[in-house]
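Working notes for the structure below.
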Amino acid sequence: MKKIFPMIVFSCMTAVVLLICIYRSLQQEDAAGGTPEIADAVLGAENMQKDAAWEAAMTADVTPGMALTTGAAAEETDMTVAADATPETDMTVAEDATPETEAVAAWEKETTWETEAEWDEIKRVALTFDDGPHPVYTVKLLNGLAERGVQATFFVIGENIPGNEEIIARMDQEGHLIGNHTYDHVKITDLSVEAACEQVERTSALVKEITGKDTEYVRPPFGSWRKDLECSFEMILVLWDVDPLDWTTCNVSDVVRRVLEAVGPDDIILLHDYYESSVDAALLIVDALMEQGYVFVTVDELILE
């Protein structure tokens with residue numbers, strides 16, 4: 001009996017270890033998101049974060065960090081956070097922002113659909129970005145979209161345009177739609193009609209000076225809009241269908257998973273080009289949805305079809 005007892009104990013310990021390994025394996029499978037497309041995109045996001053963490057560790061003595069506001073109060077203060085988000089060398093990145101001739105030519109090639117029925121069968125989705133332009137992150141996003149031949153909609157803030165006029169011009173030249181997100185990210189419903197109109201008119205005037213076009217598509221901060229507004233140019237309200245709350249987290253894989261789990265045909269996705277993690281997530285989302293057969297359009301193509 002004394003010889004058998006140690007063998008029984010050893011067998012029990014081995015069984016417990018095997019059960020723990022099986023349990024952890026099942027947890028990892030569940031975390032992948034349930035579908036191959038989401039799992040692949042999330043894995044890509046996690047790999048990107050690991051690479052970014054390694055790069056940050058190697059350059060910690062020269063690269064300034066960026067802290068994001070989180071929690072319930074974050075949306076109300078997201079623009080104040082951005083004030084300290086721009087490294088001193090941000091503008092140097094923009095000098096190399098222009099894509100190669102081949103990439104520019106890709107924007108000029110329009111896809112045509114032979115019949116209306118064929119167009120209706122297309123799985124369309126609109127990718128939209130608020131709060132820019134940012135001198136570094138918006139440029140990074142434009143480069144990534146150009147490489148993929150994708151057009152998006154940018155709802156810009158007027159006070160962010162001075163000094164970034166070339167970015168606005170590039171958006172227009174590459175076929176993106178430029179919309180209005182007020183001048184300094186205010187809640188329209190807290191303003192008088194005159195003050196509200198001034199918010200959108202100031203931003204539209206800055207964009208028109210660069211592109212020659214008014215910003216007739218308007219996304220009000222926080223989704224708060226006044227139906228009685230009649231300003232100096234025609235305005236079309238644009239909200240959203242999918243909001244991953246990307247401004248609340250730096251976790252790229254979380255943002256990717258939230259979008260891919262919720263998106264469907266003819267949806268409008270809301271993201272922000274003022275945060276690097278959101279830009280990284282956006283490009284992974286584009287790759288995943290293109291693999292699923294989605295075609296990216298600007299919001300006017302969805303609204304006015």
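Please state which of the following conditions THR189 fails to meet, knowing it meets all the rest: (1) more than 30 Å from GLU291 (Cβ to Cβ); (2) of a type outside the set (Gly, Ala, Ser); (3) touching a residue at least 60 places away in the same chain (Cβ under 8 Å). The single condition THR189 does not satisfy is (3).
Screening ILE188 on (1) within 15 Å of the chain's Cα centre (by Cα); (2) buried (at least 21 other Cβ atoms within 10 Å of the Cβ) shows it passes everything except condition (1).
Among the conditions (1) open to solvent by 20 Å² or more (accessible area, probe 1.4 Å); (2) closer than 26 Å to ASP266 by Cβ, GLU198 misses just one, which is (2). The set of residues from region 151-171 being within 12 Å of HIS134 (Cα to Cα), assigned to a loop (DSSP other than H, G, I, E, B) and among the hydrophobic types (A, V, I, L, M, F, W, C) comprises ILE157, ILE161. Going by what's in this entry, would ILE269 be described as outside any loop (DSSP other than H, G, I, E, B) and under 23 Å from the mean Cα position of the chain (by Cα)? Spelling it out, ILE269 is indeed outside any loop (DSSP other than H, G, I, E, B) and under 23 Å from the mean Cα position of the chain (by Cα). Is at least one residue of region 273-292 open to solvent by less than 30 Å² (accessible area, probe 1.4 Å), over 21 Å from GLN151 (Cβ atoms) and over 15 Å from the mean Cα position of the chain (by Cα)? Looking for residues that are open to solvent by less than 30 Å² (accessible area, probe 1.4 Å), over 21 Å from GLN151 (Cβ atoms) and over 15 Å from the mean Cα position of the chain (by Cα), one finds none in region 273-292, hence no. For ASP287, the criteria (1) part of a helix (DSSP H, G or I); (2) modelled with pLDDT under 95; (3) touching a helix residue (DSSP H, G or I) at 6+ places or on another chain (Cβ under 9 Å) hold in every case but one, which is (2). Look at region 205-223: where a residue is more than 20 Å from ASP190 (Cα to Cα) and a partner is in a strand (DSSP E or B) and open to solvent by less than 10 Å² (accessible area, probe 1.4 Å), sitting 6+ places away or on another chain with Cβ atoms under 6 Å, you get THR215/GLY179; THR215/ASN180; TYR217/GLY179.
For region 231-263, a residue qualifies if it is in a loop (DSSP other than H, G, I, E, B) and either under 15 Å from SER278 (Cβ atoms) or without any contact (Cβ under 8 Å) to a residue 24 or more places away in the chain (or both), and the qualifying residues are GLU234, TRP240, ASP243, PRO244, LEU245, THR249, CYS250, ASN251.
Answer yes or no: is there a residue in region 290-300 that is under 18 Å from ILE157 (Cα atoms) and among the aromatic types (Phe, Trp, Tyr). No, region 290-300 has no match at all.
The values are calculated or read from the model by the stated rules, or taken from the named source; none is laboratory data. Computed from a prediction, not measured in an experiment: that's the story for all the values here. Positions of Cβ are generated from backbone atoms using ideal geometry, with glycine treated the same way; all protein chains shown enter the neighbour counts. Side chains included, ligands, DNA and RNA excluded: accessible areas come from the protein's heavy atoms. Shrake-Rupley method; radii C 1.70, N 1.55, O 1.52, S 1.80 Å.
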